[in-house]
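The values are calculated or read from the model by the stated rules, or taken from the named source; none is laboratory data. Values in this document were obtained by computation on a predicted structure and should not be read as measured data. In this analysis, Cβ positions are derived from the backbone assuming ideal geometry, glycine residues included, and neighbour counts consider all displayed protein chains. Quick note on the areas: whole protein, heavy atoms, side chains included, nothing else; ligands and nucleic acids left out. Shrake-Rupley method; radii C 1.70, N 1.55, O 1.52, S 1.80 Å.
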Amino acid sequence: MSSTLPYIEAKQTLALREKIGQLFMPAAFINDSEIEIQRLETLIKEHCIGSICFFHSRASAATNFEGKKKIIANEKSFETLQELIRRYQKAAKHPLLIAIDAEWGLAMRIENTPQYPYAITLGAIPDDSEVLIYEVGKHIAQDCKTAGIHWNLAPCIDINNNPNNPVIGYRSFGQDRDKVTKKALAFIKGTQSEGVLSSIKHFPGHGDTATDSHLGLPVIEKTKETLFANELYPFQKLIGQEIDSVMAGHLSVPALANGSNTPSSLSKDMIKGVLRREMKYDGLVISDALNMHAVSKNYPVKGELEWLAFDAGNDVLCFAEHIQEGIEYILKNADKEQIEASFQRLWKLKERIDFHLPSAPKNLTPPDSLNLKIAEKSLTLLQGSPQTITEFSKTNFTYICNIKDTQDHFLEHLRSEKKPSIIRWKETPPRNENNVLLVLFPPQVKPTHGFGFTEEEISYINHLIATQKVVLYLFGNPYVLNLINYKKTKALVLAYQNFEVFQTTAARHFLNQLDAQGSLPVSISS
């Protein structure tokens, strides 16, 4: 496929309306109907669209999850993605930038593709092992290239300092501003090493929020000085590292907006004022998805939201739903100089891209080798000592786990050397045995509804800890510990992910075959 025109030639060749069209990034869904696919092809042709962002399906879109729409699995999602990219590129007058959210790999959106650990797991890795985070960024970028994707809208550089954050949490590298910055930079450099673009998000920082911006507008009531010292710190540091783009989040931060509650993605004060003028950022700004309820539900007039987002300083309008009306609004109201400036920033990114079509279908590189190294480096002994676990493993103990045996690779590996008595989940241990190896897999990674645990299950866990000598291994979001009296355990080990390699690594640790080297990247209430 031909590359883009040089910017100088494009400036003269594209009509003003076409340049505006280049700034729009509508959503593309891997599991769309043929009618919907053709509708997007027409949109791309008629409006000279510049980029598209892929999602799994309309039912799985985050703004729809409360509707409980059925998500239909597609075992050939990756092949479907490649074919759709070919079709959409063919429909485009100029090559499309293809984007996706792949914070932990294409698996974030696509079945049967490699999944890498969440950012919170990478945050537990020792500082001297950050090359592993570089490798994660590199591997994900390789998968993106195989698919025909040029732009990974990652990483999150939000500092997660709110344990009740419903949408960031596990997507953050942690709560220490310096560690978040360094680990994000490693991910970015790995991504860039493969010629794939990245985007730091969610400006000005989505970490200290208790509202999901997919559903409502979070409000951060902090002083400007506090925000620059913490939330904005990673953005400021990374702006000097040749980043590709900044994503503006949907957050109300009055201290950065002259007291206004205007969402950051629609705020001139925050984008043109704080980000561009005060922080000296002159690169591309992309909005967070404009279908998110934090902004979309407040602007019923078609095209108005797209205009406001552009006027605030966004160069690319992600998940814009009203393309034609948005173009008309911008054409009618915007200064030509602003249109040209945004077009230039976008086009110069395009000039760096190898616009190859997706390669012939092939198997993506399995992630297990890299994931194993991460599992070994991130494993965290939070409570107790190595000696505690060594001595415990030599006793007669009862094994309790909340998942099915077929999924319990920890137990499978353990049985190669130990023969524990096993009782079913929510049963009471025998009176003559009070050593319990408790292995927990939280049903969900987000904190809503107790991470998927029922109140009865939390009571059961806490009763075990209070009445037995418990060694606990946790495979999931460490914020689960805020629901558990973990301080009363004899030992507590965090493994973060439920992947098989994380389970077998944890079992090796219990069997005294390796040391725990990780550290908890967030604070847990005591």
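Step by step: first the residues of region 210-256, then only those that are in a loop (DSSP other than H, G, I, E, B) and more than 29 Å from residue 182 (Cβ to Cβ), then the one that is nearest to the chain's Cα centre (by Cα). Which residue is that?
If we take residues in region 210-256 being in a loop (DSSP other than H, G, I, E, B) and more than 29 Å from residue 182 (Cβ to Cβ), then 215 is nearest to the chain's Cα centre (by Cα).
Of everything in region 355-392, what is among the polar types (S, T, N, Q), at pLDDT 95 or above and over 25 Å from the mean Cα position of the chain (by Cα)? Give them in sequence order.
If the condition is that a residue be among the polar types (S, T, N, Q), at pLDDT 95 or above and over 25 Å from the mean Cα position of the chain (by Cα), then 383, 385, 387, 388, 390 are the ones that fit.
Looking at the structure I just gave you, is residue 49 modelled with pLDDT of 95 or more, part of a helix (DSSP H, G or I) and either within 23 Å of residue 364 (Cα to Cα) or open to solvent by less than 20 Å² (accessible area, probe 1.4 Å) (or both)?
Here the answer is no, as residue 49 does not meet what is asked.
Does residue 449 satisfy being free of Cβ contacts under 8 Å to residues at least 24 places away in the same chain, under 24 Å from residue 173 (Cα atoms) and of a type outside the set (S, T, N, Q)?
For residue 449, the condition - free of Cβ contacts under 8 Å to residues at least 24 places away in the same chain, under 24 Å from residue 173 (Cα atoms) and of a type outside the set (S, T, N, Q) - is met.
Just checking, does region 409-418 include any residue being closer than 20 Å to residue 491 by Cα and over 32 Å from the mean Cα position of the chain (by Cα)?
yes
Within region 271-327, which residues are farther than 24 Å from residue 17 by Cα, more than 25 Å from the chain's Cα centre (by Cα), part of a helix (DSSP H, G or I) and not charged (D, E, K, R)?
Result: 273, single match.
Pull up region 504-526, narrow it to residues that are touching an Asp or Glu at 6+ places or on another chain (Cβ under 8 Å) and part of a loop (DSSP other than H, G, I, E, B), then point me to the one that is nearest to residue 175 (Cα to Cα).
Among residues in region 504-526 that are touching an Asp or Glu at 6+ places or on another chain (Cβ under 8 Å) and part of a loop (DSSP other than H, G, I, E, B), the one nearest to residue 175 (Cα to Cα) is 521.
Among the numbered criteria (1) under 19 Å from residue 476 (Cα atoms); (2) over 35 Å from the mean Cα position of the chain (by Cα); (3) aliphatic (A, V, I, L, M), which single criterion is violated by residue 422?
(1)
Can you name every residue in region 201-246 that is among the aliphatic types (A, V, I, L, M) and either open to solvent by 10 Å² or more (accessible area, probe 1.4 Å) or over 16 Å from residue 167 (Cα atoms) (or both)?
Passing the criteria: 210, 215, 217, 219, 227, 229, 232, 238, 239, 243, 246.
One residue is enough: does region 291-298 have a residue meeting the conditions touching an Asp or Glu at 6+ places or on another chain (Cβ under 7 Å) and either under 26 Å from residue 167 (Cβ atoms) or at pLDDT 95 or above (or both)?
Checked region 291-298: at least one residue is touching an Asp or Glu at 6+ places or on another chain (Cβ under 7 Å) and either under 26 Å from residue 167 (Cβ atoms) or at pLDDT 95 or above (or both).
Can you spot a residue in region 267-288 that is under 21 Å from residue 49 (Cα atoms) and touching a Cys at 6+ places or on another chain (Cβ under 6 Å)?
yes
Name the residue that is modelled with the lowest pLDDT, counting only residues in region 1-36 that are closer than 14 Å to residue 92 by Cβ and polar (S, T, N, Q).
Going through the qualifying residues, I end up with 2.
Residue-wise test of (1) of a type outside the set (A, V, I, L, M, F, W, C); (2) touching a strand residue (DSSP E or B) at 6+ places or on another chain (Cβ under 8 Å).
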residue	(1), (2)
451	no, no
456	yes, no
462	yes, no
465	no, yes
481	no, yes
500	yes, no
511	no, no
515	yes, no
520	no, yes
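Mind checking which residues of region 72-91 are more than 24 Å from residue 155 (Cα to Cα) and either assigned to a strand (DSSP E or B) or among the polar types (S, T, N, Q) (or both)?
74, 80, 89
Checking residue 17 against (1) in contact (Cβ under 8 Å) with a residue 60 or more places away in the chain; (2) open to solvent by less than 10 Å² (accessible area, probe 1.4 Å); (3) touching a Leu at 6+ places or on another chain (Cβ under 7 Å); (4) under 21 Å from residue 342 (Cα atoms), only one condition comes out false. Which one?
Condition not satisfied by residue 17: (2).
Report the residue count in region 148-200 for those that are in a helix (DSSP H, G or I), open to solvent by less than 10 Å² (accessible area, probe 1.4 Å), within 21 Å of residue 318 (Cα to Cα) and of a type outside the set (A, V, I, L, M, F, W, C).
Residues that pass the stated criteria total 1.
Here's the yes/no breakdown for (1) open to solvent by less than 30 Å² (accessible area, probe 1.4 Å); (2) touching a residue at least 60 places away in the same chain (Cβ under 8 Å):
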| residue | (1), (2) |
| --- | --- |
| 464 | yes, yes |
| 474 | yes, no |
| 477 | yes, yes |
| 484 | yes, no |
| 487 | no, yes |
| 493 | yes, yes |
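List pairs: first residue in region 92-115 and assigned to a helix (DSSP H, G or I), second residue open to solvent by less than 10 Å² (accessible area, probe 1.4 Å) anywhere in the structure, Cβ distance under 6 angstrom, at least six positions apart or on different chains.
106/143; 108/102
Within region 441-458, restricting attention to residues that are farther than 25 Å from residue 409 by Cβ and either among the aliphatic types (A, V, I, L, M) or in a helix (DSSP H, G or I) (or both), which residue is least open to solvent (accessible area, probe 1.4 Å)?
448
Against the conditions (1) within 30 Å of residue 522 (Cβ to Cβ); (2) of a type outside the set (Phe, Trp, Tyr); (3) open to solvent by 20 Å² or more (accessible area, probe 1.4 Å); (4) assigned to a helix (DSSP H, G or I), where does residue 120 fall short? Just the number, please.
(3)
Could you please find all residues in region 103-143 being within 20 Å of residue 178 (Cα to Cα) and polar (S, T, N, Q)?
121, 129, listed by residue number.
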